[in-house]
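Report on one structure; see the data block that follows.
The values are calculated or read from the model by the stated rules, or taken from the named source; none is laboratory data. In this text the structure is predicted, and so the values were computed from the model without any measurement. Note that we place each Cβ from the backbone using ideal geometry, even for glycine, and neighbour counts take in every protein chain shown.
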Amino acid sequence: MSSIDNGLRILALLGDDRPCLRVGEVARDLDMPKASVSRLMKTLSEAGLLERDDRDGSYFVGERALDLGRLYLARHTLLELVGHALDDLVKEFGFTGHAGIVSGGDRILLMAKQGSFPLQHTGSVAERKPAYDSIIGRAILARLPDEQVLKQLGYRDENDTVSGISGRDVLAEMARIRKEKIAYSSSLVTPGISSVGGAVADPGRNETIALCLSYPTAAADEALSLRMRDAIRHKLMEIGRRVRDPFWLP
């Protein structure tokens, strides 16, 4: 095995559960001579891919690795990642998919994808509606502190009522979404139409985007509804871990 291969094996050991590496541990885990590991880690450090802590000789991710990460993220924007996930979900379940953001008190659609199911419920790109009247809006609002949620929706406090909905009920819905990590509802705006979705944020770009699937309520039994929720959670978790969204990290 070449030195490049062994160097890549060393870098592959780094992760959320292992932020630092020590020569002896790496040598044991990769079944390599300690001298070879020490030499390779020194070379990786000189290249900026690792950074050595002189206090105890351990190694951490280096500055050059962060530069490469930034270049990667520049090519893969959050909207692009959400779009790919939405394509997969629409293909798997056949229902309409949407992605959007929240601006002030409104939800704005950025993407709409039709599925194969005969009856589609599709919004138009750039369409606005009150954020709390959509699953995309609720999923994004749930990422905010309670005080900001109430302010953006025009509530004075949790005892206030807007459009027949109390602030206390809004906060209860936000708590449920945060706990389950996704939002879902039946006949939220359109009778007979259900939606399920969730949000993901890129802290580096200060962006938050949500996606959802919308479908005729009668077209999905409980088992299918639960499967869609799990699939959406999985897709958002994949994206969240790639962009380092704390909401989706272990």
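Values for this structure:
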read-out: Filtered residue count, segment 1-31, keeping only those that are of a type in the set (A, V, I, L, M) and within 23 Å of ASP54 (Cβ to Cβ); value: 8
read-out: Residue match in segment 137-150 (condition: in the same structural domain as LEU86 (by TED's automatic domain parsing) and over 22 Å from the mean Cα position of the chain (by Cα)); value: yes
read-out: Tally, over segment 53-67, of residues that are in contact with a Cys (Cβ under 7 Å, 6 or more places away or on another chain) and among the hydrophobic types (A, V, I, L, M, F, W, C); value: 1
read-out: Any chance LEU144 is at pLDDT 95 or above, surrounded by 13 or more Cβ atoms within 10 Å (Cβ to Cβ), hydrophobic (A, V, I, L, M, F, W, C) and part of a loop (DSSP other than H, G, I, E, B); value: yes
read-out: Out of ALA231, ALA199, sole residue that is of a type in the set (A, V, I, L, M), in a strand (DSSP E or B) and touching a residue at least 60 places away in the same chain (Cβ under 8 Å); value: ALA199
read-out: Flag for ALA218 being exposed (fewer than 14 other Cβ atoms within 10 Å of the Cβ), in the same structural domain as ASP88 (by TED's automatic domain parsing) and among the aliphatic types (A, V, I, L, M); value: yes
read-out: Lone qualifier among TYR184, TYR155 - being aromatic (Phe, Trp, Tyr), without any contact (Cβ under 8 Å) to a residue 60 or more places away in the chain and farther than 21 Å from LEU110 by Cβ; value: TYR155
read-out: Qualifying position, being without any contact (Cβ under 8 Å) to a residue 40 or more places away in the chain, more than 30 Å from GLU46 (Cβ to Cβ) and not small (Gly, Ala, Ser), among GLU127, GLU63; value: GLU127
read-out: Matching residues, segment 87-119, being aliphatic (A, V, I, L, M) and either without any contact (Cβ under 8 Å) to a residue 60 or more places away in the chain or part of a strand (DSSP E or B) (or both); value: ALA99, ILE101, VAL102, ILE108, LEU109, LEU110, MET111, ALA112
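Residues are listed down the side, and each one gets a yes or a no for (1) over 17 Å from GLY83 (Cα atoms); (2) small (Gly, Ala, Ser):
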{"residue": "GLN114", "(1), (2)": "no, no"}
{"residue": "ARG128", "(1), (2)": "yes, no"}
{"residue": "ALA131", "(1), (2)": "yes, yes"}
{"residue": "SER134", "(1), (2)": "yes, yes"}
{"residue": "LEU144", "(1), (2)": "yes, no"}
{"residue": "GLN148", "(1), (2)": "yes, no"}
